[in-house]
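To start, the structure itself, in structure tokens.
No lab work stands behind these numbers, since they all come straight from the coordinates. A quick note: this is a predicted structure, and the numbers were derived from the prediction, not measured. Glycine also receives a Cβ, built like all others from the backbone with ideal geometry; neighbour counts cover every protein chain displayed.
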Amino acid sequence: MVAQVHGVVVSGVAGLVIRVEVEVAQGLPSVGVIGLADAAVGESKWRVRSAIGNAGCKWPAARVTIGLSPADIPKHGTSLDLPIAVGILLATEQIPASSAHGATFIGELGLDGELRAFRAALPAAIAAQRCGIKRVYVAPGSARQVCVVPGVEVVVIRDLAHLVSVLRGEAPPDAIPEAEQLNTATPSFDMCDIRGHAHGRFALEVAAAGGHHLSLLGPPGVGKTMLAERLPTILPDLDEQTAIDVTSIHAVAGRLPAGAGLVSRPPFQAPHHSASATALLGTVRGHRTIPGALTLAHGGVLFLDEAPEFTRPSLEGLRQPMESGVVRIMRAAESIDLPARFQLVMAANPCPCGHGVGKGASCRCTAMAKRRYTERLSGPLRDRIDIRLEVLRPTMGELAAQAGDSSAQIAERVALARTRAAVRFSELPWSVNAQLPAGELRRKWAPDAGGCALLTEAERGGLSLRGADRVLRVAWTLADLCEEVGPGRDHIAMALGLRGPESGPKND
């Protein structure tokens, strides 16, 4: 007899539905697994055999063949333990033949029959839902993630014996356990902690409202890191689809604790400057995809402190994902696309000693040392930064002034500006100004005559075509914050000021 059950494995950061076929036939007792199974999947026969015996069921004294389809796709991981066990029980008629129809089974089995949580249960459930499977059997530790997938019935199972009782109609499934929303932003940070830095606070607000990339240049200890760490506090909550994507990514990467719910706040990633290009971009090790910092920052903020100290391959690897929102990892056997729609914040010193700002009276670096240091951030990378701010030490008067608006107050203005942009793009596939394609930007959302004239003048003065497009996107964000119907000459002028000089910091 041949039984068929659906299971799921992970490919990249997405799930892939696998059809598990189990044949129990006459012959010498043996177990064979076919279908490009790795060692973890091949060892499942021993875990399943012990689990079935400890669940009070019988292991067949016959030849058992387990086929995994599609047969030409490598399978890895332990998520197929449960569907293999169900397939054997169906083939030996120990559970009703109709009990597995329209369902998928996800989880690793212990030798005692305990069903253990699968860290990538959410992308697995999404893949099942897209294939028309409406019922998912999972462990209690995976239930909170899976229950957010629309149109999917979640059945919570403690162990294999409990599953057999549920499929036979002898016992009800467990209730979905309660779990708090996972908050990735540090709640102790607030914009009102910042003393002075009025221009920096305004630049953060503009960046948050439009989803723009930002760079901060200034001497050590001036407050660049303090500003960057507070950007997530003024960003709006993730929408449902982005929250599901972010949770799936962090689950695949093993960054979520057991039983955690949906990630609702934008993530914040701050890799050390010694991180390799692989750590930033991600890699494929064996058949397992390891997301990098760019993918882990999807939907949130990627902060590169001491940006010139990163290796050149790490920095240049940012260029394509900054525009496309995707990291493409290409290997000889396969190509994998990982989502990476993030906001980049880079902080840097003006020179190796850090004091080459203003007149640079206290700077002891040579002109050649300054030049080499600033050239570590290439022109193409700088050209992709929308807002480039020089952060100076606040004066005593600015430090003594009253504290500015809190993160909650700024977040309200950011949310209103994003709402205006979302209404404007309601029938289009993007939601913030930073994502607007250049062609659509020039064709449908050009500024008024005064703004066009100023932008043309800036292009004649050395502003690149990409830079002009980014200035126009920032101008639209400024218009949204000012509740204007569109950008004018003043908005273009302010956006040019936020972009800063095209030549970068001077070396003499």
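Structure above, values below:
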{"read-out": "Label zone at Ala25 (point 7 Å along Cα-to-Cβ), backbone N below 15 Å, the stretch 68-86", "value": "68"}
{"read-out": "Assigned charges on the beta-carbon of Lys, Arg, Asp, Glu; the stretch 191-499 dipole about Cα centre (debye)", "value": "1020"}
{"read-out": "Rounded to the nearest 20 debye, dipole of the stretch 89-186 from Cβ charges on Lys, Arg, Asp, Glu", "value": "360"}
{"read-out": "Three-way shape call for the stretch 378-489 based on the alpha-carbon gyration tensor, with the a/c threshold at 1.5", "value": "oblate"}
{"read-out": "Rounded if a/c under 1.5, otherwise prolate or oblate - the stretch 1-158, Cα gyration tensor axes", "value": "prolate"}
{"read-out": "Cβ-defined net charge surrounding Met322, 15 Å radius [Lys, Arg +1; Asp, Glu -1]", "value": "+4"}
{"read-out": "Label-point gap, in nm, between Ala453 and Arg135 - each point 7 angstrom along Cα→Cβ", "value": "7.1"}
{"read-out": "Total formal charge among the other residues, if their Cβ is under 10 angstrom from that of Ala161, Lys/Arg +1 and Asp/Glu -1", "value": "-2"}
{"read-out": "Virtual spin-label span in nm between Val423 and Ala171, 7 Å along Cα→Cβ", "value": "5.5"}
{"read-out": "From phi via Karplus (6.51, -1.76, 1.60), per-residue ³J(HN,Hα) for the stretch 476-491 in Hz, x at Gly/Pro", "value": "5, 5, 5, 5, 5, 5, 8, 6, 9, 6, x, x, x, 4, 5, 5"}
{"read-out": "25 Å Cα cut-off, lysine pairs counted over the chain (separation 8 or more, or different chains)", "value": "9"}
{"read-out": "Counted charge near Lys444, where neighbours are those whose Cβ lies closer than 15 Å (Asp, Glu -1; Lys, Arg +1)", "value": "0"}
{"read-out": "Relative packing of peptides 193-203, 470-480 - highest average C-beta neighbours within 10 Å first", "value": "470-480, 193-203"}
{"read-out": "Net charge dipole size for the stretch 2-167 [Lys, Arg +1 and Asp, Glu -1 on Cβ; Debye, nearest 20]", "value": "220"}
{"read-out": "Three-way shape label, the stretch 191-499, alpha-carbon gyration tensor, a/c 1.5", "value": "rounded"}
{"read-out": "Lys/Arg +1, Asp/Glu -1 at C-beta; the stretch 351-428 dipole; positive extreme among Met368, Leu416, Leu381", "value": "Met368"}
{"read-out": "Under Karplus coefficients 6.51, -1.76 and 1.60, residue-wise ³J(HN,Hα) of the stretch 214-230 in Hz, glycine/proline x", "value": "9, 10, 10, 10, x, x, x, x, 7, x, 5, 5, 4, 5, 4, 5, 9"}
{"read-out": "Sparse-neighbourhood loop sites, GluC sites (Glu not before Pro) in the stretch 59-162 - DSSP loop, at most 11 other Cβ within 10 angstrom", "value": "Glu93"}
{"read-out": "Hz values of 3J(HN,Hα) by residue in the stretch 392-404 - Karplus curve (6.51, -1.76, 1.60), Gly and Pro given as x", "value": "9, 5, x, 6, 5, x, 5, 5, 7, 5, 5, 4, x"}
{"read-out": "Residue order, fewest to most beta carbons within 10 Å, for Val154, Val10", "value": "Val154, Val10"}
{"read-out": "Residues with amide H under 5 Å from that of Glu153, placed H, sequence gap 5 or more", "value": "Arg135, Val136"}
